[in-house]
Amino acid sequence: MSIHLVGGGWAPDEPGLYDLFVAEAAVRGRAVGRDVPRVGVLIVVADDSPSEEWRAGFPALIASGGRCEAVTTVVEAGDVFDTRVLSDVDGLVVGGGLTPAYLEAVAPLVDQVRLLVSDGLPYVGFSAGAAIAADRALLGGWLIGDVPVCPQDAAEDLDEVELGEGLGLVDLAVDVHAAQWGTLTRLVAATEAGMVRGGVAIDEHTALVVGEGALTVLGRGSVWRVEPQVDEQGDVVGVSVGSLGAE
């Protein structure tokens, strides 16, 4: 089973990016005698973001054609999810919106999500849900020491770049909407400043799949990999950037 990190963006008529996730959920569902897998979808709304259209359309996309049952739970920013949202599901999707609000909302679930995923529950993180999947979650911000490092529109209502303790599903920092919002530079700057030990910035309509084997990229765009360059003393002296694309 895998962890699917999606960089955002959605097209209502393109469910293919989630085919592998649904297939993995189906395997888990069949193991407990379920013909149609149940997938939990968690959404946090802050000032109508994500939009009402997305809140209805994205779970429908996941479940398109009746291939799974999407069990959606929506909370307002500032509220938290009840642990019962994880009961009797074969896969978990954490959606997009304001990243700091998502991290706050999933706080009661962290330990249980880690246990379930380590036990084989497939996970999709979409945008914010991808960012908070990391050990150290890159929550947003557009400044480091008052120096701009990405467009202000991508700041997630934060000024200085801010990190938080994430779900701990992957050991690298994750940024999203990379090519579309210009957030690759935020990850580069955070790595060079020693705030994170490198990571990935994922384009929209693109997924990085982390499983037992090699990393896999699905979708239309690229996954940008950022790694620190260190000297003999272990100090960061620069970064390297490369890209992975779908095969």
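Taking all Cα pairs closer than 8 Å and separated by 6 or more residues, the relative contact order of the chain comes to 20 percent. Here Ser49 and Thr73 are evaluated by their C-beta separation; at R0 = 25 Å the FRET efficiency comes out at 0.90.
Evaluating 6.51 cos²θ - 1.76 cosθ + 1.60 at θ = phi - 60° for every residue in region 166-174, the Karplus couplings come out as x, 6, x, 8, 9, 9, 9, 5, 10 Hz, glycine and proline recorded as x. Take 20-27, 80-87 and order them by the average number of nearby Cβ atoms within 10 Å per residue, most first; the result is 20-27, 80-87. The 3J(HN,Hα) values that the Karplus relation (6.51, -1.76, 1.60; θ = phi - 60°) gives for region 136-152 are, in residue order, 10, 7, 7, 7, x, x, 10, 10, 10, x, 6, 9, x, 10, 6, x, 4 Hz. Gly and Pro appear as x. Taking the Cα centre of the chain as the origin and placing charges on Cβ (Lys, Arg +1; Asp, Glu -1), which of Val89, Val32, Leu115 is farthest toward the positive end of the dipole? After comparing all options, I get Val32. Note on the chain: dipole from Cβ charges, positive end direction compared against Leu158, Ala134, Gly238; the farthest Cα belongs to Ala134.
What dipole magnitude, in Debye to the nearest 20, does region 3-245 give about its Cα centre under +1 on Lys/Arg Cβ and -1 on Asp/Glu Cβ?
The dipole magnitude comes to about 920 debye.
For the chain, DSSP calls about 55 percent of its internal beta bridges antiparallel. Relative to the Cα centre, the charge distribution of region 127-246, modelled as +1 at Lys and Arg Cβ and -1 at Asp and Glu Cβ, gives a dipole magnitude of about 460 debye. A simple charge model with +1 on the Cβ of Lys and Arg, -1 on the Cβ of Asp and Glu and nothing else charged puts the dipole of region 98-198 at about 320 debye relative to its Cα centre. For Tyr123, Tyr102, the sequence from fewest to most other C-beta atoms within 10 Å is Tyr123, Tyr102. With a cut-off of 10 Å between beta carbons, the residues surrounding Gly141 carry a summed charge of -4, where Lys and Arg count +1 and Asp and Glu -1. Measuring nothing but how far apart in sequence close Cα pairs (under 8 Å, 6+ apart) lie, relative to its length, region 164-240 scores a relative contact order of 27 percent.
Every read-out reported here was derived from the displayed coordinates using simple, explicitly stated rules and does not represent laboratory data. In this text, all values refer to a predicted model and were calculated from it rather than measured experimentally. Neighbour counts are summed over all protein chains in view; Cβ atoms, including those assigned to glycine, are modelled from backbone coordinates with ideal geometry.
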